[in-house]
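In what follows, a single structure is set out as structure tokens and then discussed.
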Amino acid sequence: MNILVLGGAGYIGSHAVHQLMDKGYEVVVIDNFQTGHRDALHPKARFYEGDIRSREFMRSVFEKEKIDGILHFAANSLVGESMTEPLKYFDNNVYGTQIVLEMMRDFGVKHIVFSSTAAVYGGQEVMPITEEAIAKPTNTYGETKLTMEKMMGWCEHAFDLKYVSLRYFNVAGARQDGKIGEDHHPETHLIPVIMEAALGKRSEITVFGDDYDTTDGTCIRDYIHVEDLIEAHILALDYLQHGGESNIFNLGSNQGFSVKEIIETVKQATGIDIPVKIGERRAGDPSKLIASATKAKHVLGWNPTKTTIEQIIKDAWNWHRHHPNGFQR
Ligand code: UFG
């Protein structure tokens, strides 16, 4: 089976490519290196460099390759940035998906597994959050992902596409063999940011607000290991290929950790004392996001195995300490 991975040189996309190849899939990758890295590419995947927003480029790939299913990771995904540059998010995320869906229609590709986000939920009263919760994003990033989900829903009515949307909570960790991991410029995600501080690449870490309505006043998030996350994508592909209906699943762990708890766990894992400063709240941040992942377990048979925060942080640290400059040699 030929699977097209959009954004296959990025953090999550590259893990998907490696795990698909491990399982014997043929993989075609598209990436424009906006945030991806050439060294994250799998040497045996067929690679096309280009932008999903270019109809001509996309058409040329679909003319060459017979695609059986798509994993779509090609999007901007930073909550903070999405609040200051909203149009960048509508352009790359929403318009990019418009072109992907046009290609699916024109070339008769029926199945897509979509990288969505807990950010679609916004602030919710009831934890853990189930897929039935009413989506009300508090940031542009979440709004664009919700729009992309709706686009797929309308296209299903029009030309019988089937989609699985996977709403990720906070993805972290790295491939256990240490070959690939997280490398953003600049880095903004909590766990890699703390690791940069542990490596002396930044002098301190700033906690974005300690006056939230949570146990220690800092935001609570649900962290999931990137390899477990990708297993769910492969199960979702399988589900669609076996006639599964379009569906939405949360991917998380049913447990939450505060920013302060994460900092403490990283300090313990690295043995390094990291200076911490309390700063202002970051615009768009909901105070608490914890997933109910029961549906993915029941319907997809998802069985995450790297579920402790210690394991996630250990694998992240293994990548960061061996690649202090990321993929840069
Ligand atoms: N944080 C800090 N200091 C930092 C970085 C982060 O205090 O230097 C805090 C944030 O304010 C937030 C928490 O740590 O409360 C986690 O922040 P991240 O930036 O690591 O992650 P987000 O929760 O903002 O967003 C991530 C992904 C999104 C996804 C979301 C779902 O980037 O794509 O998780 O929960 F939608």
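The values are calculated or read from the model by the stated rules, or taken from the named source; none is laboratory data. Computed from a predicted structure; not experimentally measured. Neighbour counts run over all protein chains shown; Cβ positions are idealised from the backbone, glycine included. To get the accessible areas, we keep the full protein, side chains included, count just its heavy atoms, and leave off ligands, DNA and RNA. Shrake-Rupley method; radii C 1.70, N 1.55, O 1.52, S 1.80 Å.
Scan segment 127-156 for residues that are free of Cβ contacts under 8 Å to residues at least 40 places away in the same chain, touching a helix residue (DSSP H, G or I) at 6+ places or on another chain (Cβ under 7 Å) and in a loop (DSSP other than H, G, I, E, B) and jot them down.
Ala135, Pro137
Determine if segment 43-51 includes at least one residue that is surrounded by 18 or more Cβ atoms within 10 Å (Cβ to Cβ), touching a strand residue (DSSP E or B) at 6+ places or on another chain (Cβ under 7 Å), in a loop (DSSP other than H, G, I, E, B) and of a type outside the set (Ser, Thr, Tyr).
Looking for residues that are surrounded by 18 or more Cβ atoms within 10 Å (Cβ to Cβ), touching a strand residue (DSSP E or B) at 6+ places or on another chain (Cβ under 7 Å), in a loop (DSSP other than H, G, I, E, B) and of a type outside the set (Ser, Thr, Tyr), one finds at least one in segment 43-51, hence yes.
Just one of Val79, Val100 is more than 9 Å from the ligand (Cβ to nearest atom) and either in contact (Cβ under 8 Å) with a residue 12 or more places away in the chain or polar (S, T, N, Q) (or both); which is it?
Val100
Do we have Lys88 as more than 24 Å from Asn247 (Cα to Cα), surrounded by fewer than 18 Cβ atoms within 10 Å (Cβ to Cβ), within 16 Å of the ligand (Cβ to nearest atom) and within 20 Å of the chain's Cα centre (by Cα) here?
yes
Looking at Phe169 and the list (1) more than 15 Å from the ligand (Cβ to nearest atom); (2) under 13 Å from the mean Cα position of the chain (by Cα); (3) aromatic (Phe, Trp, Tyr), which single condition is not satisfied?
Status for Phe169: all satisfied but (1).
Which of the numbered conditions does Asp177 fail, given that it passes all the others? Conditions: (1) open to solvent by less than 50 Å² (accessible area, probe 1.4 Å); (2) of a type outside the set (A, V, I, L, M); (3) in a loop (DSSP other than H, G, I, E, B).
Of (1) open to solvent by less than 50 Å² (accessible area, probe 1.4 Å); (2) of a type outside the set (A, V, I, L, M); (3) in a loop (DSSP other than H, G, I, E, B), only one is false for Asp177: (1).
Any idea which of Glu132, Glu143 is surrounded by fewer than 18 Cβ atoms within 10 Å (Cβ to Cβ) and acidic (Asp, Glu)?
The unique qualifying residue is Glu132.
Restricting the first residue to segment 276-301 and requiring it to be under 23 Å from Thr218 (Cβ atoms), which pairs with a second residue that is open to solvent by 60 Å² or more (accessible area, probe 1.4 Å) and of a type in the set (A, V, I, L, M, F, W, C) meet a Cβ separation below 8 Å and a spacing of at least six or different chains?
Short answer, once both residue conditions are applied: Gly279/Phe208; Glu280/Phe208; Arg281/Phe208; Arg282/Phe208; Ala283/Met83; Gly284/Met83; Asp285/Phe208.
(1) outside any helix (DSSP H, G or I); (2) open to solvent by 40 Å² or more (accessible area, probe 1.4 Å); (3) at pLDDT 95 or above: which one isn't true of Arg105, the others all being true?
That leaves (1) as the condition not met.
Go through segment 196-214 residue by residue and tally those that are within 14 Å of the ligand (Cβ to nearest atom), part of a loop (DSSP other than H, G, I, E, B) and not basic (Lys, Arg).
8
For Glu227, all conditions in the list (1) more than 9 Å from the ligand (Cβ to nearest atom); (2) acidic (Asp, Glu); (3) free of Cβ contacts under 8 Å to residues at least 12 places away in the same chain hold save one; what is the number of the exception?
With (1) more than 9 Å from the ligand (Cβ to nearest atom); (2) acidic (Asp, Glu); (3) free of Cβ contacts under 8 Å to residues at least 12 places away in the same chain applied to Glu227, the lone miss is (3).
Tally time: how many residues in segment 14-35 are part of a loop (DSSP other than H, G, I, E, B), in contact (Cβ under 8 Å) with a residue 24 or more places away in the chain and more than 21 Å from Gln98 (Cβ to Cβ)?
3
Are there any pairs, at least 6 apart or on different chains, whose C-beta atoms fall under 6 Å, with the first in segment 105-126 and closer than 11 Å to Glu143 by Cα and the second open to solvent by 40 Å² or more (accessible area, probe 1.4 Å), and if so, which?
Gly122/Lys136; Gly122/Thr138
For segment 177-191, what are the residues that are touching a helix residue (DSSP H, G or I) at 6+ places or on another chain (Cβ under 8 Å) and more than 8 Å from the ligand (Cβ to nearest atom)?
Gly178, Lys179, Ile180, Gly181, Glu182, Asp183, His184, Glu187
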